[in-house]
Every structure is written in C-alpha cells, then in structure tokens.
Amino acid sequence: RVLRCEGASVCESYYMKFPERVCNLRPDALAQILAYGNVFAGAQILCMDSCMGVVAASIVERLGGYGRCLNAFAESNPNLDAVNKFNFSPRMLSSLVSFHTSEFGKLATPELPDADLDHSSEAVERKIRDSLATMPDLTKQKLQSLKTEEDKQAFLAAREKRIRRACAKPQPGVIRNWIRAQSDSLIIATAYHPKTVFFELVQWLKPACPFVVFSEYIEPLTEVFRAIQERGIGCKLQLSNSWLRPFQVLPGRTHPVMQMSACSGYILTGIKVLPRREEDRWKFVAPTDRKRQGKTIRVDSSSAEAASEQSSDEARPHKRSRPGGSNAPQSAPKPDFREESAAVATGNDESERG
C-alpha cells in the first residue's frame with residue numbers, strides 16, 4: 001500500500017523494522033511528545049534527537065516552515081535519516097538547524113563586534129550575489145577545460161546551487177544568538193543519560209514553557225524527576241508511559257492482536273519555573289503539611305469541648321446511682337416462661353382428676 005510520508009507512518013515503519021535505532025519509539029508516544037511539547041507554527045523548539053531524526057522531522061512537519069527547530073547532536077554528524085523520507089520543501093528544511101553540543105560552551109563568551117550575524121533574506125541574497133560574482137582561479141581553470149557549452153552551463157548551475165545552499169546555512173554565531181534568546185519548548189529523546197542533557201539544555205528554555213524528556217527506561221527519568229524537585233525549577237511534573245492495544249477488525253473475528261508491544265518508553269513532562277531566590281520571604285506549604293495542620297486544629301477543638309463538658313459535670317450535684325452502676329432507668333424484668341408452662345401443666349392435671 002502507498003502511505004503519505006508523515007510523522008506517524010514514518011515512525012511506525014522505523015519501529016517495525018529497526019525499533020532499537022529509534023529507542024523503541026511508537027507513533028502514539030511520538031504524538032504525546034509533540035502534544036506535551038506544545039509544538040506550533042512560529043515557535044522555536046530546542047531538541048536533542050537520537051531516534052534517527054524522527055522526532056526532529058516531526059517537529060519540522062508541525063512547524064510547517066514557520067519557526068525554528070534547533071537540533072543538538074553530540075556525534076561527528078547529525079543522524080537525520082528520517083528527514084529525507086518526508087520530502088520536505090526547501091522552506092520547511094530551512095527551519096531545521098543542527099548544531100554541535102560544543103556550542104553550549106561558547107555561549108558565555110559574547111560574539112565579536114565585526115562578526116556577520118545578519119541572517120535575514122536580504123542578507124542571504126546579498127551573500128549569494130557576492131559569491132557568484134567572485135570566481136576563484138581554480139574554478140576558472142575548470143570552466144576553461146570544459147569543451148561543450150552544455151557542460152559549462154551544467155557546471156555553473158551546480159556551482160550556484162552549492163553556493164545557495166552554503167549561504168542559506170546559518171553561521172555558528174547566529175545559532176548561538178538564537179540559543180541565547182531562549183526557546184519556547186524543550187524536547188529530549190536521546191539514548192544518553194537524560195539528567196546531564198536536561199540540565200544543560202533547560203537553562204536555555206523560557207520560564208513557564210513546557211519540557212518533555214523521553215527515555216526507554218524509567219530509572220534515569222526518576223533521577224531527573226527528583227533532581228527537578230530538589231532544585232525547584234519545574235512544576236506539574238508527570239512521569240508516564242503510553243500503552244497501545246491494536247485490534248484486528250474482521251467480520252466475526254474482531255479481537256485484540258495476539259502479539260503486541262508492552263511498552264514504548266517513558267515520558268517525563270513539566271513546566272519550567274524560576275528557582276526561588278534567597279531574598280524571597282514566601283514559601284510553599286506542602287499539601288501533607290496542610291492536612292496535618294487541619295487535623296491538629298480539629299483535635300484541639302474536640303479536646304477543648306470534652307474538657308468543658310467534664311468541668312460542667314463536676315460542677316453539678318451527683319445523683320445517687322442505682323446498684324447497677326448506672327443512672328439510666330432500668331427496663332422491666334423479663335417473664336419466666338418456664339414457670340408459666342409449669343402452672344399450665346398442673347392446672348390440666350387437676351381438671352382431669354376432677
């Protein structure tokens with residue numbers, strides 16, 4: 001069958017063929033990542049993808065050519081094999097910007113004043129015209145060595161395409177300025193330990209913006225969960241996993257599929273908040289402390305009422321108690337049915353004798 005190349009179909013094909021290469025990421029888990037990450041057109045998304053580029057390509061698909069996806073990679077080259085499967089237009093591809101994680105170490109140093117950090121469309125076109133106007137000696141020799149006019153035109157067209165692609169690629173200084181401006185969302189789906197990656201990237205996320213961390217295993221995410229709570233930089237934290245049950249739908253044979261995957265990894269979601277400062281005097285009261293305070297108040301009030309009732313009873317004159325040890329009225333004695341039955345029996349004997 002022929003399917004449209006979109007996030008769900010491409011992710012499903014990778015999961016069926018190479019699940020270990022995409023960290024066992026299912027389409028339903030990918031949908032939750034995009035939903036919790038609040039990916040929308042015009043946003044700047046900071047992500048780190050080790051799932052063959054499935055997550056980054058799905059982000060670009062949802063952006064629709066408006067916005068920016070800053071994809072960090074730690075290897076020598078970014079692994080974006082899935083991006084080629086989507087058949088993106090040049091405009092949509094321009095929204096995907098990949099950079100090495102070593103750029104984070106250069107963010108503390110300001111950019112040089114003479115650096116060319118203008119990446120507008122007009123500046124890019126100006127760079128393209130200047131590059132096409134200047135032709136190096138090696139290029140001139142190569143052009144003179146071609147005999148036919150068709151070969152020369154093909155060589156010039158390939159050179160122009162190469163120059164346009166190189167000029168459209170943003171410079172490292174421009175990418176660093178985009179990172180300094182902070183992003184609208186943070187999405188991490190990597191095979192590395194998420195704790196180190198998260199705390200390195202979350203500082204470049206705007207406050208009150210969501211973050212999503214995906215991992216195959218729950219143990220690393222629990223460490224991140226506790227670390228976020230200790231540092232107080234996140235709220236509405238939620239650690240969950242997606243569960244999908246496919247059904248076979250046939251006439252008279254509709255039932256769940258016999259073989260299905262049990263788990264597709266775990267997802268940690270939350271919203272970034274600014275940490276509490278030392279000069280702040282307000283403090284959070286945990287819900288457990290509130291319940292404890294309420295219980296102690298109720299106990300004190302009840303004990304006070306009991307003490308007041310006891311004091312009033314002592315002030316009253318004591319009544320003489322009955323032998324039973326209680327002042328309550330005693331109930332009437334129960335009749336003895338054995339005596340009545342015996343009396344009835346003696347009466348019948350006397351009537352027979354008479």
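Highest mean first, the peptides 23-36, 51-64 sorted by other C-beta atoms within 10 Å per residue fall in the order 51-64, 23-36. For region 11-23, putting each phi into the Karplus relation 6.51 cos²θ - 1.76 cosθ + 1.60 with θ = phi - 60° gives couplings of 5, 5, 5, 5, 5, 6, 9, 10, x, 6, 6, 9, 6 Hz, in residue order, rounded to whole numbers and with x for Gly and Pro. Residues L3, L205 ordered from highest to lowest accessible area at a 1.4 Å probe: L3, L205.
Taking a Cβ cut-off of under 14 Å around D28, the surrounding Lys, Arg, Asp and Glu residues balance to a net charge of +1, with basic ones at +1 and acidic ones at -1. Note on A181/S121: beta-carbon distance plugged into 1/(1 + (r/R0)^6) with R0 of 25 Å gives a FRET efficiency of 0.85.
Between region 154-208 and region 237-255, what's the alpha-carbon centroid distance in Å? Centre-to-centre (Cα) distance: 36 Å. Compared with the alpha-carbon gap, the fully stretched path from V257 to R277 is longer by 1.8 nm at 0.36 nm per residue.
Distance between the 7 Å Cα→Cβ label points at A166 and F104: 3.1 nm. Volume per residue for region 5-126 equals 127 cubic angstrom (convex hull of Cα atoms).
Note on region 125-225: lysine pairs with Cα distance below 21 Å, sequence gap of 8 or more or different chains, count 10. Sorting M258, M48, M135 on solvent-accessible area from highest to lowest, probe radius 1.4 Å, gives M258, M135, M48.
The values are calculated or read from the model by the stated rules, or taken from the named source; none is laboratory data. All values reported here derive from a predicted model rather than from experimental measurement. In this analysis, Cβ positions are derived from the backbone assuming ideal geometry, glycine residues included, and neighbour counts consider all displayed protein chains. Surface accessibility is based on the protein's heavy atoms, side chains included, excluding ligands, DNA and RNA. Shrake-Rupley method; radii C 1.70, N 1.55, O 1.52, S 1.80 Å.
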